[in-house]
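Presented below is the structure to which this report refers.
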Amino acid sequence: MVAFMAFALCGTVYGQEVNSDSVVNMDEHASRALSHLASLKQAFNSSEKMPEFPGGDKALMGFLRTHLRYPIHAAKFGVEGRVVVTFVVQRDGSVTDFKIAKSADKELDEEALRVCKLLPKFTPATKDGEPVPVWYTLPVTFKLGKKSNFDEMAPPKW
């Protein structure tokens, strides 16, 4: 109820102007305000049990190795680095809200994000025995091995 009053006092309810001659259904707006506030709950930075990739950390590294494709332009110019991606592992284990916490290069960043968006559901984090959304930080390292023959590689898809 307090949340609704705060919105109404500001002169708007969810971006709609509140006129003095408007009839406002208090229960409906209070319910909408409370559900809106509940949806804004922030993800935790840590929990009792952190989320886990199916098969553990070793399987996660295998997933990255299998799905990462070194960007040709970056490889051609010897660009290496570590991209740190953060995302939220939701209550159901799905991954959302991807952000680059540390950038290495635009192409490397895009590839790290692309692969992170392919991640399957994790085992969710728990707090007091209940699943909770938690921020997860994943460093993705791009390191060139031996020299490649770039003429044999497929051209980039721009």
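The values are calculated or read from the model by the stated rules, or taken from the named source; none is laboratory data. Since this is a predicted model, take the numbers as computed values, not measurements. Cβ: placed from backbone, ideal geometry, glycine included. Neighbour counts: every protein chain shown.
Exactly one condition in (1) touching a residue at least 24 places away in the same chain (Cβ under 8 Å); (2) exposed (fewer than 13 other Cβ atoms within 10 Å of the Cβ); (3) among the charged types (D, E, K, R) is false for E111; which is it?
Result: E111 passes all but (2).
Return the residues of the stretch 59-88 that are on the phi < 0 side of the Ramachandran plot and more than 21 Å from the chain's Cα centre (by Cα); say none if nothing qualifies.
Within the stretch 59-88, Y70, P71, I72, H73, A74, A75, K76, F77, V79, E80 meet the criteria.
Taking the options F63, F98, F87, name whichever one is in the same structural domain as V140 (by TED's automatic domain parsing), within 29 Å of K146 (Cβ to Cβ) and either exposed (fewer than 13 other Cβ atoms within 10 Å of the Cβ) or among the aromatic types (F, W, Y) (or both).
F63
Looking at the structure I just gave you, is K117 in the same structural domain as I72 (by TED's automatic domain parsing) and in contact (Cβ under 8 Å) with a residue 12 or more places away in the chain?
For K117, the condition - in the same structural domain as I72 (by TED's automatic domain parsing) and in contact (Cβ under 8 Å) with a residue 12 or more places away in the chain - is met.
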